[in-house]
Amino acid sequence: MKKLEIVSSLTQYDQINELSEEDQKLILAAREVTKNSYSPYSNFKVGAALLLDNGKIITGTNQENAAYPSGLCAERTAIFWANSQYPNSAIVKMAITAKKNGQLAQTPLAPCGACRQVMIESETRYNTKIKIFLDGKDSILSIEDAASLLPLSFDSKSLK
Ligand code: THU
């Protein structure tokens, strides 16, 4: 028997202007697109912005449905749209934010498990890392890749 440890390391920024201009632009794009969220059930407006390796910024928002599970998170809306339009472009960075009643989430918004799994699929597919920014009023967290956000993620290759 042996005990194993999983360690993730995050960087915390107390103010958005501590980040590079490129990163700030991505976070501001995520904040801006929250206005397009369709979230009449939760009133929680989530915005995601991706920077692709072709230089394009792609955004997405959560889209809810009266049949609750039929909706989709902002992160997957953005990723699937990006992959549909630019199948040969990897995601380099991603910013995630949320607003409720027009106010930015107080603490950094962490993506749900399903979105983390989809981000990891993108890292595997393009053999790249996605740098992720979790936006909040109190602080912004960055993490070097999606795999660090979901240790022991499902990997179909382990079934071979
Ligand atoms: N939501 C996202 O868009 N991203 C996440 O990572 C977690 C949750 C959405 C789904 C739903 O529309 C609302 O937030 C409340 O759960």
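The values are calculated or read from the model by the stated rules, or taken from the named source; none is laboratory data. As the structure is a computational prediction, the values presented were derived from the model and not from experiment. Cβ placement follows ideal geometry from the backbone for every residue including glycine, while neighbour counts extend to all protein chains displayed. All accessible areas refer to the heavy atoms of the entire protein, side chains included, with ligands and DNA or RNA removed. Shrake-Rupley method; radii C 1.70, N 1.55, O 1.52, S 1.80 Å.
Take Pro69 and decide whether it is within 16 Å of the ligand (Cβ to nearest atom) and farther than 20 Å from Leu134 by Cα.
Yes; evaluated as a whole, the condition is true for this residue.
Which one is surrounded by the most Cβ atoms within 10 Å (Cβ to Cβ) among residues in the range 48-58 that are part of a strand (DSSP E or B) and more than 9 Å from the ligand (Cβ to nearest atom)?
Out of the qualifying residues, it is Leu50.
Is it the case that some residue within the range 128-148 is open to solvent by 40 Å² or more (accessible area, probe 1.4 Å), within 16 Å of the ligand (Cβ to nearest atom) and either touching an Asp or Glu at 6+ places or on another chain (Cβ under 7 Å) or without any contact (Cβ under 8 Å) to a residue 60 or more places away in the chain (or both)?
No, the range 128-148 contains no residue that is open to solvent by 40 Å² or more (accessible area, probe 1.4 Å), within 16 Å of the ligand (Cβ to nearest atom) and either touching an Asp or Glu at 6+ places or on another chain (Cβ under 7 Å) or without any contact (Cβ under 8 Å) to a residue 60 or more places away in the chain (or both).
Step by step: first the residues of the range 1-40, then only those that are open to solvent by 50 Å² or more (accessible area, probe 1.4 Å), in a loop (DSSP other than H, G, I, E, B) and of a type in the set (A, V, I, L, M), then the one that is nearest to Ala98 (Cα to Cα). Which residue is that?
Val7
Conditions (1) in a helix (DSSP H, G or I); (2) open to solvent by less than 60 Å² (accessible area, probe 1.4 Å); (3) more than 13 Å from the ligand (Cβ to nearest atom), marked per residue:
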residue	(1), (2), (3)
Ser42	no, yes, no
Lys45	no, no, no
Gly60	no, yes, no
Asn65	no, no, no
Glu75	yes, yes, no
Ser84	yes, no, yes
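From the set of residues in the range 104-127 that are open to solvent by 40 Å² or more (accessible area, probe 1.4 Å) and of a type in the set (A, V, I, L, M), which is farthest from Ala49 (Cα to Cα)?
Result: Ala114.
Pairs under 8 Å by beta carbon, first residue free of Cβ contacts under 8 Å to residues at least 40 places away in the same chain in the range 93-108, partner open to solvent by 60 Å² or more (accessible area, probe 1.4 Å), six or more apart or different chains?
Gln103/Lys137; Ala105/Lys137; Gln106/Lys137; Gln106/Asp138; Thr107/Lys137; Thr107/Asp138; Pro108/Asp138
Can Ile6 be described as touching a residue at least 60 places away in the same chain (Cβ under 8 Å) and more than 12 Å from the ligand (Cβ to nearest atom)?
yes
Quick check, is Leu152 assigned to a loop (DSSP other than H, G, I, E, B), open to solvent by less than 40 Å² (accessible area, probe 1.4 Å) and of a type in the set (A, V, I, L, M)?
It is false that Leu152 is assigned to a loop (DSSP other than H, G, I, E, B), open to solvent by less than 40 Å² (accessible area, probe 1.4 Å) and of a type in the set (A, V, I, L, M).
Quick one: is Asp14 of a type in the set (Asp, Glu), in contact with a Phe, Trp or Tyr (Cβ under 9 Å, 6 or more places away or on another chain) and in contact (Cβ under 8 Å) with a residue 24 or more places away in the chain?
No: the conditions fail for Asp14.
Being in a strand (DSSP E or B), under 9 Å from the mean Cα position of the chain (by Cα) and within 8 Å of the ligand (Cβ to nearest atom) is the filter here, so list the residues in the range 93-119 that pass it.
Ile96
Has the range 26-46 got at least one residue that is over 18 Å from the mean Cα position of the chain (by Cα) and in contact (Cβ under 8 Å) with a residue 40 or more places away in the chain?
Yes, there is a match, as at least one residue in the range 26-46 is over 18 Å from the mean Cα position of the chain (by Cα) and in contact (Cβ under 8 Å) with a residue 40 or more places away in the chain.
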